[in-house]
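**Student:** My structure is below; once you've seen it, I'll send some questions.
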Amino acid sequence: MPNRNKLKWFLLFTVPLIFIFTIVVLIPFLVGIYYSFFEWDGIGANPKVFVGLDNFVELWGDNQFLRSMWLTTLFTVLSVITINVIGLAFALLVTSRIQTANAARTLLFMPYLIGGLILGYIWQFVFVDVFSFLGEVTGLDQVFFNWLVDPQFALYGLVFVFTWQMAGYIMIIYIAGIQAIPNDVVEAAKIDGASTWQRFTRITFPLLMPALTISLFLTLSSAFKIYDVNLSLTGGGPANATELFAMNIYQEIFGSSNYGFGQAKAIVFFLIVAAITLTQVYMTKKREVEM
Amino acid sequence: MRKTSSILKSVLLILLALFFLSPIYIIFVNSFKDRQELYDNALALPDNFSFQYYLEAMEKMNFLSALGNSLYITIVSVVLIVILSSMTAWMLVRTDSKWSTVIFMTFIATMLIPFQTLMMPLMQFMSAITENLNIPMYNTREGLIFMNIGFHASLSVFLYHGFIKSIPITLEEAATIDGASKFGVFWRIIFPMLKPITATVMILNVISIWNDFLLPSLTLIDTALRTIPLSTFFFFGEFTIQWNLAMAGLTLTIIPVIIFYAMAQKHIIKGIGEGAVK
């Protein structure tokens, strides 16, 4: 009898969440794979035509899709670098013995709390009006102009805003990593005559590998999946020059009503996200050093 | 000498942080300016602080209704996520069977699925449930809460799972021998011990649900149901050229976030740090 009792409690505790999770995540995921083999315009009364793997073959001839894939890769590489460099620099600054470090940490983290959609609108104003104004006042109109009308600079603008959003968040993770480094290791190196730079490259940085693994994972996956900032800052423009992966899928499904083809893109999107993040975690995990 | 350099460093650091937040200053000062003043100098303080744009923006965004919707959806979702995922995680940790492992691994594996992969089939499924079973999943706040729970289950179970593993089992065993039910053991003994990780789970979910745009934009159709990000989006769609009004609207949307941050600042930074290390 005790086993039966145990099972009863197990089900009582876990079934509510598993039920919701199955309806919201598991079933749509499986149904999504099924949809990707059909051609369908999303209208229930219209027939779904089975096309096998045609959607997945056709993808490679869709220029806008290939372009958004390339743009997303470029965006991701640039943002992962800038976010991690700036986040780590912030973390080193606010963990040094400076009196205002705590206040600075509080302020630097703040953009992360404001959602991507609203951040995009804030920066839209900064790029459109404030940058033009600064360009006139300072005469540096090579730097200060409306970035959002230039195809290339609009993408840099996205990197810029996304970095602004994420740097404070990544800073917090590096801070946790820095604080986990035992003080005596650093002190011992100091006594042995290691310079600040040597202490950073030989001691702090290698011991930060676990924090780097997490930070890279978080920035890589969130950059690759970016949507909100993309929508509110550039809306994919000018002339689709900043239409990133997630937006391309949204447009294909809900904009052009190509439900089956769009879903095939979404499945490919999932496979790429999974492959990239798993590879990254595997590779950086290998480089973590044991204390 | 040493002292002056440390004061200088302190000042420089705080200046850097303030410069970092300058876009927020910019939208704040421009929310009080008329068109001419804005174009004359977008960085200067306004001539006078009149709240006319705020009143107008509040009315056009239907701000109070959006604030109410956002609060209701976020609070109910997060409370339910905490209750359901802590209970599930505890059972998964304490039940040594292959089913626990399979369930836990399924939660973890699905963390890699982007929302875009699920959105279309999910919407199809939700409207099918609404039409065929007459359960209002689509276009209701409660339906959105249901979906929020599903989407945030994985991370929350993962965080609780990691934390519970570090709690010694002896305490629970003693309570069980005393004849307490599993329910009693969990709520009276275990749940209070989970406080630090509950704070992390709550903070991460509040930030994510409060700011979510895409899922609410797909599920909530009625204007009366709009959350803050949704009403901001439609507000910008309608009034793109009227920047001063837009600035007042943006400032309004940031105020609740600043209040939340001011109240729970220490917990937030600590919670984020701990959540990431796990």
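The values are calculated or read from the model by the stated rules, or taken from the named source; none is laboratory data. This is a predicted model, so every value here is computed, not measured. Heads up, the Cβs are rebuilt from the backbone with ideal geometry, glycines too, and the neighbour counts pull from every protein chain shown. The accessibility values were calculated without ligands, DNA or RNA, using every heavy atom of the protein model including side chains. Shrake-Rupley method; radii C 1.70, N 1.55, O 1.52, S 1.80 Å.
**Student:** Surrounded by fewer than 16 Cβ atoms within 10 Å (Cβ to Cβ), part of a helix (DSSP H, G or I) and either more than 10 Å from every other protein chain (Cβ to nearest Cβ) or in contact with a Lys or Arg (Cβ under 9 Å, 6 or more places away or on another chain) (or both) - does that describe any residue in the stretch A:32-46?
**Tutor:** Looking through the stretch A:32-46, none of the residues is surrounded by fewer than 16 Cβ atoms within 10 Å (Cβ to Cβ), part of a helix (DSSP H, G or I) and either more than 10 Å from every other protein chain (Cβ to nearest Cβ) or in contact with a Lys or Arg (Cβ under 9 Å, 6 or more places away or on another chain) (or both).
**Student:** Another question about this same structure. Give the stretch B:215-229 a look and list any residue that's within 9 Å of another protein chain (Cβ to nearest Cβ) and open to solvent by less than 10 Å² (accessible area, probe 1.4 Å), or say none.
**Tutor:** B:Ile228, B:Pro229
**Student:** Further, regarding this structure: Assuming A:Ala89 fulfils every condition listed in (1) among the small types (Gly, Ala, Ser); (2) open to solvent by less than 60 Å² (accessible area, probe 1.4 Å); (3) facing chain B (nearest Cβ under 9 Å) apart from one, which condition is it?
**Tutor:** Among (1) among the small types (Gly, Ala, Ser); (2) open to solvent by less than 60 Å² (accessible area, probe 1.4 Å); (3) facing chain B (nearest Cβ under 9 Å), A:Ala89 violates only (3).
**Student:** Kindly list the number of the only condition in (1) open to solvent by 30 Å² or more (accessible area, probe 1.4 Å); (2) away from every other protein chain (no Cβ under 11 Å); (3) polar (S, T, N, Q); (4) touching a Leu at 6+ places or on another chain (Cβ under 8 Å) that fails for B:Thr200.
**Tutor:** Among (1) open to solvent by 30 Å² or more (accessible area, probe 1.4 Å); (2) away from every other protein chain (no Cβ under 11 Å); (3) polar (S, T, N, Q); (4) touching a Leu at 6+ places or on another chain (Cβ under 8 Å), B:Thr200 violates only (1).
**Student:** Among the helices (runs of 4 or more DSSP H) lying completely within the stretch B:18-61, list those that include at least 3 residues that are touching a residue at least 12 places away in the same chain (Cβ under 8 Å).
**Tutor:** Hits in the stretch B:18-61: B:22-30, B:52-61.
Each row is one residue, and each column tells you yes or no for (1) in contact (Cβ under 8 Å) with a residue 60 or more places away in the chain; (2) open to solvent by 50 Å² or more (accessible area, probe 1.4 Å).
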{"residue": "A:Phe133", "(1), (2)": "no, no"}
{"residue": "A:Leu140", "(1), (2)": "no, yes"}
{"residue": "A:Phe153", "(1), (2)": "no, yes"}
{"residue": "A:Val159", "(1), (2)": "yes, no"}
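**Student:** For the stretch B:156-197, what are the residues that are open to solvent by 20 Å² or more (accessible area, probe 1.4 Å), at pLDDT 90 or above and among the aromatic types (Phe, Trp, Tyr)?
**Tutor:** B:Phe158, B:Phe163, B:Trp187, B:Phe191
**Student:** Collect the residues in the stretch B:10-36 that are open to solvent by less than 60 Å² (accessible area, probe 1.4 Å) and within 20 Å of B:Leu252 (Cβ to Cβ), keeping them in residue-number order.
**Tutor:** B:Leu21, B:Ser22, B:Pro23, B:Ile24, B:Ile26, B:Ile27, B:Val29, B:Asn30, B:Ser31, B:Phe32, B:Lys33
One line per residue, one yes/no per condition, for (1) on the phi > 0 side of the Ramachandran plot; (2) of a type in the set (Lys, Arg); (3) at pLDDT below 90:
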site	(1), (2), (3)
A:Asp228	no, no, no
A:Thr234	no, no, no
A:Ala239	yes, no, yes
A:Leu244	no, no, no
A:Ser256	no, no, no
A:Ile267	no, no, no
A:Leu271	no, no, no
A:Tyr282	no, no, yes
A:Lys286	no, yes, yes
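**Student:** Inspect all residues belonging to the stretch B:192-205 and state whether any of them is in a helix (DSSP H, G or I) and over 21 Å from the mean Cα position of the chain (by Cα).
**Tutor:** Yes, the stretch B:192-205 has at least one match.
**Student:** Against the conditions (1) open to solvent by 20 Å² or more (accessible area, probe 1.4 Å); (2) without any contact (Cβ under 8 Å) to a residue 12 or more places away in the chain, where does A:Leu113 fall short? Just the number, please.
**Tutor:** For A:Leu113, the exception is condition (1).
**Student:** Of the residues that make up the stretch B:110-125, is at least one open to solvent by 50 Å² or more (accessible area, probe 1.4 Å), touching a Ser or Thr at 6+ places or on another chain (Cβ under 9 Å), within 13 Å of chain A (Cβ to nearest Cβ) and in a helix (DSSP H, G or I)?
**Tutor:** yes
**Student:** Check every one of the helices (runs of 4 or more DSSP H) wholly within the stretch A:162-269 and list those with 2 or more residues that are open to solvent by 10 Å² or more (accessible area, probe 1.4 Å) and more than 30 Å from B:Thr110 (Cβ to Cβ).
**Tutor:** A:183-191
**Student:** Separate question: Being within 11 Å of chain A (Cβ to nearest Cβ), under 24 Å from B:Leu84 (Cα atoms) and surrounded by fewer than 21 Cβ atoms within 10 Å (Cβ to Cβ) narrows it down to one of B:Gly237, B:Gly150, B:Gly143, so name that one.
**Tutor:** B:Gly143
**Student:** Same structure again: For the stretch B:89-103, which residues satisfy the criterion of being in a helix (DSSP H, G or I) and at the interface with another protein chain (Cβ under 8 Å from one of its Cβ atoms)?
**Tutor:** Those that are in a helix (DSSP H, G or I) and at the interface with another protein chain (Cβ under 8 Å from one of its Cβ atoms): B:Trp90, B:Met91, B:Leu92, B:Ile103.
**Student:** Which ones in the stretch B:248-278 are more than 7 Å from chain A (Cβ to nearest Cβ) and hydrophobic (A, V, I, L, M, F, W, C)?
**Tutor:** Passing the criteria: B:Ala248, B:Leu252, B:Ile255, B:Ile258, B:Ile259, B:Phe260, B:Ala262, B:Met263, B:Ala264, B:Ile268.
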